[in-house]
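Inspection log for the structure reproduced underneath, given as structure tokens.
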Amino acid sequence: MKISCLHVNIERSKHINLIDRLLSEKRPEIICLSEVIDTDLEKFAKDHDYHYAFGSEISYANGSNQGVAILSKHNIIETNMLRYDENNTTTPPVISFIERHDTKDRPEFRFHYHSVLLVATINKDDQQLTIATAHFPIADHSTYGDDHDEDHSLDETEDIHDINYVRGYFDRLMTLIRHLSSPLIFTSDLNNPRGEYMYDALAHELFDQVPQDITTTMDPKIHRVKNIQLVVDTIMTSPDISCSNFEVIDGVSDHKALLAELTVG
């Protein structure tokens, strides 16, 4: 069975026309989105004829919700929204747009968000396939050097506790992934780059389909930090899935889109 899968962090509603054009041009069978607004998702699904599942991570005071999504040209026969955060709340926190986006500093309350591993089981050609996607919370690091000192690097020593904090998140995410059924396609904006522990640990559990010669998944023109060189987005699979073609597409969001042509079995 062959199937096409696209992953992209669409940066909320900033690039709707670009994303809409991308879906029209590529027409992937599976789409995994991060930082998607629920009303935009509904429009994508309607306009491009997709089934979809949504996992809300935060809500805004205007009533909209932001989270992760899976869209499928094939029937979704089961969905699960698995949490790997430490919050006991049943509904996502409600915040104002200004609180979320009016500063370059990492929001202190970001660990109050719901961190969701969204899982969908689809059926194609009488074969079931597991699709999972997550948007992992940011924890800045100190090991990138001068080339990356404007983003994803520590400004204050006391922020080091964030690294330890998200290790707990990551351990819970890994446990959830290990229990998913194969064949499996997993996509994510990991917010942790290839070459660092979290990305590479996942790549030991699953097969990283992002070619090794790819040096960044951040758009050099649209991202607020220009020409940042970090591979933080990924498409990984169980070993029973191979990739015949992999495309990295810029000019659609602050993150590049990843499009993989996959063969199951």
Q.
So, in the range 37-55, exactly how many residues are over 17 Å from Ser24 (Cβ atoms) and crowded, with 19+ Cβ neighbours inside 10 Å?
A. 4
**Q.** Every residue from the range 207-220 that is out of contact with any strand residue (DSSP E or B) (no Cβ under 8 Å at 6 or more places or on another chain) and among the hydroxyl-bearing types (Ser, Thr, Tyr)
**A.** Thr215, Thr216
(Q) Just to be sure I understand, how many residues within the range 169-206 are surrounded by fewer than 16 Cβ atoms within 10 Å (Cβ to Cβ) and touching a strand residue (DSSP E or B) at 6+ places or on another chain (Cβ under 6 Å)? (A) 1
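Among the residues of the range 23-36, count how many are over 19 Å from Ser188 (Cα atoms) and surrounded by 20 or more Cβ atoms within 10 Å (Cβ to Cβ).
In the first step, residues of the range 23-36 are kept if they are over 19 Å from Ser188 (Cα atoms); the result is 24-27.
Next, only the ones that are surrounded by 20 or more Cβ atoms within 10 Å (Cβ to Cβ) stay: none.
Matching residues across the range 23-36 total 0.
Residues in the range 207-259 that are of a type in the set (Phe, Trp, Tyr) and under 22 Å from Tyr197 (Cα atoms): how many?
Here is the first cut: in the range 207-259, the ones of a type in the set (Phe, Trp, Tyr) are 207, 246.
Checking which are under 22 Å from Tyr197 (Cα atoms) leaves us with 207.
Looking only at that region, the number is 1.
Strands (runs of 3 or more DSSP E) wholly in the range 191-265 with at least 3 residues that are closer than 25 Å to Ile163 by Cα - which ones?
Working: elements: 233-237, 241-249, 257-264.
Strands (runs of 3 or more DSSP E) meeting the threshold: 233-237.
Conditions tested, residue by residue: (1) in contact with a helix residue (DSSP H, G or I) (Cβ under 8 Å, 6 or more places away or on another chain); (2) among the polar types (S, T, N, Q); (3) within 20 Å of Phe136 (Cβ to Cβ).
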position: Arg21; (1), (2), (3): no, no, no
position: Ile30; (1), (2), (3): no, no, yes
position: Leu33; (1), (2), (3): yes, no, yes
position: Ile37; (1), (2), (3): no, no, yes
position: Asp40; (1), (2), (3): yes, no, no
position: Lys46; (1), (2), (3): no, no, no
position: Ala61; (1), (2), (3): yes, no, no
position: Ser64; (1), (2), (3): yes, yes, no
(Q) Step by step: first the residues of the range 68-84, then only those that are closer than 23 Å to His112 by Cα and touching an Asp or Glu at 6+ places or on another chain (Cβ under 9 Å), then the one that is surrounded by the fewest Cβ atoms within 10 Å (Cβ to Cβ). Which residue is that? (A) Tyr84
**Q.** Close pairs (6 angstrom Cβ cut-off, 6 or more residues apart or separate chains): more than 15 Å from Asn80 (Cα to Cα) in the range 174-191, in a loop (DSSP other than H, G, I, E, B) and of a type in the set (S, T, N, Q) anywhere
**A.** Ser182/Ser238; Pro183/Ser238
Q.
One residue is enough: does the range 234-251 have a residue meeting the conditions surrounded by fewer than 22 Cβ atoms within 10 Å (Cβ to Cβ) and without any contact (Cβ under 8 Å) to a residue 12 or more places away in the chain?
A. no
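Return the total of residues in the range 210-245 being among the β-branched types (Val, Ile, Thr) and over 15 Å from Asn9 (Cα atoms).
The total comes to 7.
Please state which one of Ile122, Ile138 is at pLDDT below 95, among the β-branched types (Val, Ile, Thr) and not in a helix (DSSP H, G or I).
On the way: Ile122 fails: at pLDDT below 95.
Just one listed residue meets the conditions, Ile138.
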Q) Ala45 is checked against (1) assigned to a strand (DSSP E or B); (2) closer than 19 Å to Asn123 by Cβ and fails just one. What number does that condition carry? A) (1)
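The values are calculated or read from the model by the stated rules, or taken from the named source; none is laboratory data. Since the structure is predicted, the reported quantities are computational estimates derived from the model, not experimental observations. Ideal geometry is used to build each Cβ from the backbone, glycine not excepted, and the neighbour counts take in all protein chains shown.
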